Amino acid sequence: MSPAEKHIHETDDASEVLGWPGHGRFVLSCEHASNRLPPPIRPGPLDAPWLATHWAYDIGAAELVREIVRNTGSVAVLSRFSRLVCDANRDPSDPTVIVPRVELHSLGFNELLSPHERALRIERYHAVFHKKVDEQLDRRLPMGGDVVLVSVHSFVPALYGLQRELDVGVLFNPYEAVATRLARALEARGLVTALNEPYSGRRGLIYSAERHGLNHQVIYLELEVNQALLSTPPKVYRIARLIADSLKELRLRSNAREQ
Ligand SMILES: [Zn+2]
């Protein structure tokens, strides 16, 4: 095995990189992998319950990504900070990149943040995470062959009292042909799949995938997986296998612009 095919697992305060950087054709990113508040950020006395919810991270997404990495021999970059610290899937200039409250609860660790503190958050976490994604793409792309950037997320099974029947959403902009082929492969494995659901990739809502896909001229998609399918390790293994098999059979053209 060449050095490029060695397994790596590197962590810093903002990110975790794992997998085989020179091997599979997927570079995965998981912007909402963790509900961690990196020190010195500390939760206020009433914040703890919120940190256990989908407001703080994408439940099951990190486990799913680890399994997809294992099944495809690819590499992934996962965040190591809660989306409430700052949201790695939002443009840093977007006011919602750091939110002061969730529902009606004011977050103690986000109250009264000065502009300097906000800038520091972006620099320490958001910027570092995205630098790691850049590094993995810079490392993988010169090795040749088709490369696909896949940003992996999970969504809550019920929203505003409505049960969502969707299993997996394939979010795209503009790679519709690739997204459609992937959705068909997932459907063929029994997963209820839709394009640009539960929200549309066309509305600038797949910030991270779009940012790196455009910067590196690589095909990019975002996957949104129903958290009901990720509630136990055996469920995660099953879905990861179905997604990995679907990704592995995905037909691409070598020129990303042609899809
Ligand atoms: Zn997410």
Considering residues that are within 16 Å of the ligand (Cβ to nearest atom) and among the aliphatic types (A, V, I, L, M), the number found within region 138-194 is 9
Look through region 198-211, keep the residues that are surrounded by fewer than 22 Cβ atoms within 10 Å (Cβ to Cβ) and of a type outside the set (D, E, K, R), and return whichever of them is nearest to Arg139 (Cα to Cα).
Tyr207
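For every residue, the table says whether it meets (1) modelled with pLDDT of 95 or more; (2) aromatic (Phe, Trp, Tyr); (3) in contact with a Pro (Cβ under 7 Å, 6 or more places away or on another chain).
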| residue | (1), (2), (3) |
| --- | --- |
| Asp12 | yes, no, no |
| Ser15 | yes, no, no |
| Gly24 | no, no, no |
| Ala33 | yes, no, no |
| Arg36 | yes, no, no |
| Leu51 | yes, no, yes |
| Arg70 | yes, no, no |
| Arg90 | yes, no, no |
Yes/no for Gly19 being buried (at least 23 other Cβ atoms within 10 Å of the Cβ), more than 16 Å from the ligand (Cβ to nearest atom), farther than 19 Å from Ile206 by Cβ and over 16 Å from the mean Cα position of the chain (by Cα):
no
Which of the residues belonging to region 22-43 are in contact with a Ser or Thr (Cβ under 8 Å, 6 or more places away or on another chain) and away from the ligand (no atom under 16 Å from the Cβ)?
Gly22, His23, Gly24, Arg25, Phe26, Val27, Leu37
Of the residues in region 67-111, those that are surrounded by fewer than 24 Cβ atoms within 10 Å (Cβ to Cβ), in a helix (DSSP H, G or I) and within 16 Å of the ligand (Cβ to nearest atom) come to Thr96, Val97
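The values are calculated or read from the model by the stated rules, or taken from the named source; none is laboratory data. For clarity, every value in this text was computed on a predicted model and none was experimentally measured. Note that we place each Cβ from the backbone using ideal geometry, even for glycine, and neighbour counts take in every protein chain shown.
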